[in-house]
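Every number in this text was worked out from the coordinates using simple rules, so none of it is lab data. In this text the structure is predicted, and so the values were computed from the model without any measurement. Note: ideal-geometry Cβ built from the backbone for every residue, glycine included; neighbour counts use all protein chains shown.
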Amino acid sequence: MKRYCEECKKEVETTIVTKKESYNVCGEMIDVNAQVLVCAECGEELFSEELDNATLINAYNEYRRRHKLLLPEEIKEIRQQYGLSQRGFSKLLNWGDKTICRYENGSLQDRAHNSLLIFLKNPENMRSYLTENEIDIDEKQKTKLLDIVERLEQNLEYRENRKFFDEFFSETPCEENGFKGFDYEKLCAMVLFFANKSTELLKTKLMKLLNYSDMIFYKENGISISGLRYAHLPYGPVPENFDMLFGRMAADHLAHIEVAYDNGYEKHQVIPECDMPKGVLSDEEKDVLERIYLKFKDFGSVDISNYSHKEKGYIATKQGEIISYSYAKDICLN
Ligand SMILES: [Zn+2]
């Protein structure tokens, strides 16, 4: 992306570099790896609201980890599991109308509030909160909420899923995940984008398309799309835990794998079950997916595997190792 550089007094090419920065969060100095936009000619730092915000969020999240505070998305998950609106949840907790909304948007939460949220994450605790406290909701809402609590308690799968997603979401942004915590919604949108556009999409090809999309978006914006980590496997870079994630997508009726036989060979086809959801991917993200799609449109699974074997990140890593996004700068699609 081209920008105006005050030092060079002209439009210049830019690059993104990583550097250590310290932020003061609630009186505590937090060191983070910041992604900074610089002039490619003189190295002068240029302002980028997107990167600055991402760095600030990383600093806040690091502070949260140190103090065992819930992350904004964890607060959102707790609220959503009870089917409550932000305002409704605030009201139930006797907090100000906007409190939950602010927390979910990244404001640091009060310690006492944090403890109550952790307590209420467990449906059994929510049940006692609802029955033993004087709360400001009408009987009808209360009955509805108790129904949800009961369903959650009975649902064993619920516990498994929480455990499964917690493992991904608790990841620290770093070079292995493209400075982004795993985003399941974005991953599903990416899969549906490619699966709906292609007449036939094989699983091995999809994995390469995802990898190139994340890498190129990282190269241009300093952050990945999905937050996936990619491992070096014999057929090229493969998203970590991909089969588990795909099982999850099949259970959610988004897409599944169908095994077909072609001259005695097994083919694993990706079958979409719905359109790509609107509003999940930004225009910039969709633009990268479109370019990757066009570049590899006529490549078979074998062609794209061979192509990806020539990437520096693949050559420099051993079997099973994670391929860092820092190799994205060496990828060239032309
Ligand atoms: Zn310059």
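Our summary gives the chain a relative contact order of 13 percent, counting only alpha carbon pairs under 8 angstrom and 6 or more residues apart.
May I ask you to derive the FRET efficiency for H309 and D110 from their Cβ-Cβ distance with R0 = 51 Å, giving the value to the nearest 0.05?
The calculated FRET efficiency here is 0.45.
Sequence-ordered 3J(HN,Hα) estimates for region 307-324 from the Karplus curve with 6.51, -1.76 and 1.60 and θ = phi - 60° stand at 4, 6, 5, 8, 6, 4, x, 6, 5, 7, 10, 9, 3, x, 6, 6, 8, 5 Hz, glycine and proline given as x.
Taking the Cα centre of region 184-330 as reference, the dipole from Cβ charges on Lys and Arg (+1) and Asp and Glu (-1) amounts to some 380 debye.
Let a ≥ b ≥ c be the square roots of the eigenvalues of the Cα gyration tensor of region 72-167; is it rounded (a/c under 1.5), or, if not, prolate (a/b larger than b/c) or oblate? It is oblate, given that a/c is not under 1.5 and a/b is not larger than b/c. Choose one of W95, L120, N105: the residue whose Cα lies farthest towards the positive end of the charge dipole of region 91-161 (beta-carbon charges +1 Lys, Arg; -1 Asp, Glu; about the Cα centre). Value computed over the given set: N105.
If the segment from L146 to K295 were pulled out straight at 0.36 nm per residue, it would be longer than the present Cα-Cα gap by 48.4 nm.
As a length-normalised measure over Cα pairs under 8 Å and 6 or more apart, the relative contact order of region 234-303 settles at 17 percent.
Helix 49-66 and the long axis of the chain differ in direction by around 50°, with both axes built from C-alpha atoms. Summing Lys and Arg as +1 and Asp and Glu as -1 over all other residues whose Cβ lies under 10 Å from the Cβ of V12 gives a net charge of -1. Of all aspartates and glutamates in the structure, the ones whose alpha carbon falls short of 20 Å from that of K318, not counting any fewer than 8 places away in one chain, are E175, E176, E240, D330. Explain nothing, just the number: dipole magnitude of region 72-167 about its Cα centre with +1 on each Lys and Arg Cβ and -1 on each Asp and Glu Cβ, in debye rounded to the nearest 20. So the magnitude is around 240 debye.
Which entries of K19/K68; K208/K310; K219/K278; K121/K144; K208/K278 have Cα-Cα distances beyond 19 Å here? Cα-Cα > 19 Å for K19/K68; K219/K278; K208/K278; rest within.
Over what distance in Å are the Cα centres of region 127-154 and region 34-79 separated? Computed from Cα coordinates, the inter-centre distance equals 36 Å. A helix-only calculation puts the chain at -15000 deg cm²/dmol for mean residue ellipticity at 222 nm, using -39500 (n - 2.57) for each DSSP H run of at least four residues, averaged over all residues. Would you please classify the overall shape of the chain from the alpha carbon gyration tensor, given that a ≥ b ≥ c denote the square roots of the eigenvalues, rounded means a/c under 1.5, and beyond that prolate means a/b larger than b/c while oblate covers the rest? Judged from the Cα gyration tensor, the chain comes out oblate (a/c at least 1.5, b/c at or above a/b).
Residues whose amide H comes within less than 5 Å of that of V25, counting only those at least five positions distant or on another chain, are I30 (H built at 1.01 Å from N in the peptide plane).
What full-extension length gain, to one decimal in nm, is calculated for A260 and K98 as 0.36 nm per residue of separation minus the Cα-Cα distance?
Length gained, A260 through K98: 53.1 nm.
Placing +1 on each Lys and Arg Cβ and -1 on each Asp and Glu Cβ, with no other charges, gives the chain a dipole about its Cα centre of roughly 140 debye.
Spacing of the modelled spin labels on N334 and Q319, each 7 Å from Cα toward Cβ, amounts to 3.8 nm.
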